[in-house]
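**Student:** Dropping the structure in here first, questions after.
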Amino acid sequence: MSGWTERPDGLMLSVRVTPRASRNAIGPGPGEAFAVRLTAPPVDGEANAALIAFLARAFGVAKRDVTIAGGETGRNKRIAIAGDPLALAGIAARLYGDGP
């Protein structure tokens, strides 16, 4: 299984965030979630802002198309990404290690 679900308006990702990492990275994580490592600290929303910017860049969408749908104050989050579900699912599969 994977860390995302296709929706009519885009994708819903499950992510586990690790702030204060040595570098920004994304890959398969625990259970059915992406593991996202961010250099930003979990202070004053910096990690959430960095997460949105990082995922927008990784999926090739604008920052306004990435929203935190759940878990804003925790490590485990649900992220909504607006756009073409099939194209976004292809990107997610490559990032998760399931795609070509």
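**Student:** In the range 35-45, which residues are within 17 Å of Thr67 (Cβ to Cβ) and modelled with pLDDT under 95?
**Tutor:** Once the filter is applied, which keeps residues that are within 17 Å of Thr67 (Cβ to Cβ) and modelled with pLDDT under 95, the range 35-45 yields only Gly45.
**Student:** Check whether at least one residue in the range 48-59 is open to solvent by 70 Å² or more (accessible area, probe 1.4 Å), at pLDDT 95 or above, in a helix (DSSP H, G or I) and not β-branched (Val, Ile, Thr), and report yes or no. Spell out the reasoning first.
**Tutor:** Pass one, the range 48-59, residues open to solvent by 70 Å² or more (accessible area, probe 1.4 Å): 57.
Narrowing the set further to residues that are at pLDDT 95 or above leaves 57.
Still in the list and also in a helix (DSSP H, G or I): 57.
This time we only want the ones that are not β-branched (Val, Ile, Thr), so: 57.
Checked the range 48-59: at least one residue is open to solvent by 70 Å² or more (accessible area, probe 1.4 Å), at pLDDT 95 or above, in a helix (DSSP H, G or I) and not β-branched (Val, Ile, Thr).
**Student:** Read through the list (1) surrounded by fewer than 18 Cβ atoms within 10 Å (Cβ to Cβ); (2) out of contact with any helix residue (DSSP H, G or I) (no Cβ under 6 Å at 6 or more places or on another chain); (3) among the charged types (D, E, K, R), then give the number of the only condition that Asp65 fails.
**Tutor:** (1)
**Student:** I've got another one for you. Identify all residues within the range 60-88 that are assigned to a helix (DSSP H, G or I) and either among the small types (Gly, Ala, Ser) or under 13 Å from Trp4 (Cβ atoms) (or both); write none if there are none.
**Tutor:** Taking the range 60-88 and keeping what is assigned to a helix (DSSP H, G or I), we get 63-65, 85-88.
Listed by number, the residues that qualify are Pro85, Leu86, Ala87, Leu88.
**Student:** I'm trying to understand the selection: among the residues of the range 1-27, which are more than 11 Å from the chain's Cα centre (by Cα) and either part of a strand (DSSP E or B) or without any contact (Cβ under 8 Å) to a residue 60 or more places away in the chain (or both)? Let's see the steps before the verdict.
**Tutor:** Filtering the range 1-27 for residues more than 11 Å from the chain's Cα centre (by Cα) gives 1-2, 5-10, 18-24.
The answer is Met1, Thr5, Glu6, Arg7, Gly10, Thr18, Pro19, Arg20, Ala21, Ser22, Arg23, Asn24.
**Student:** Moving to a separate point now. Say we look at the range 28-47 and pick out the residues that are under 20 Å from Gly97 (Cα atoms) and not in a loop (DSSP other than H, G, I, E, B); which of these is most open to solvent (accessible area, probe 1.4 Å)?
**Tutor:** Arg37
**Student:** Looking at the range 14-26, is at least one residue modelled with pLDDT under 95, open to solvent by 80 Å² or more (accessible area, probe 1.4 Å) and either of a type in the set (D, E, K, R) or closer than 16 Å to Ile79 by Cβ (or both)? Walk me through it before giving the result.
**Tutor:** First pass over the range 14-26, keeping only residues modelled with pLDDT under 95: none.
So far as the range 14-26 goes, no, none of its residues is modelled with pLDDT under 95, open to solvent by 80 Å² or more (accessible area, probe 1.4 Å) and either of a type in the set (D, E, K, R) or closer than 16 Å to Ile79 by Cβ (or both).
**Student:** Let me ask something else about it. Report, ordered by the first and then the second residue, all pairs with beta carbons closer than 8 Å, sequence separation of six or more or different chains, a first member in the range 58-74 that is on the phi > 0 side of the Ramachandran plot and among the basic types (Lys, Arg), and a second member that is modelled with pLDDT under 95 and in a loop (DSSP other than H, G, I, E, B).
**Tutor:** Listed pairs, sorted by first residue: none to list.
The values are calculated or read from the model by the stated rules, or taken from the named source; none is laboratory data. Computed from a prediction, not measured in an experiment: that's the story for all the values here. With ideal geometry, Cβ positions are generated from the backbone for all residues, glycine too; neighbour counts draw on all protein chains shown. When the accessible area is computed, the model is the full protein with side chains, heavy atoms only, and any ligands, DNA or RNA have been set aside. Shrake-Rupley method; radii C 1.70, N 1.55, O 1.52, S 1.80 Å.
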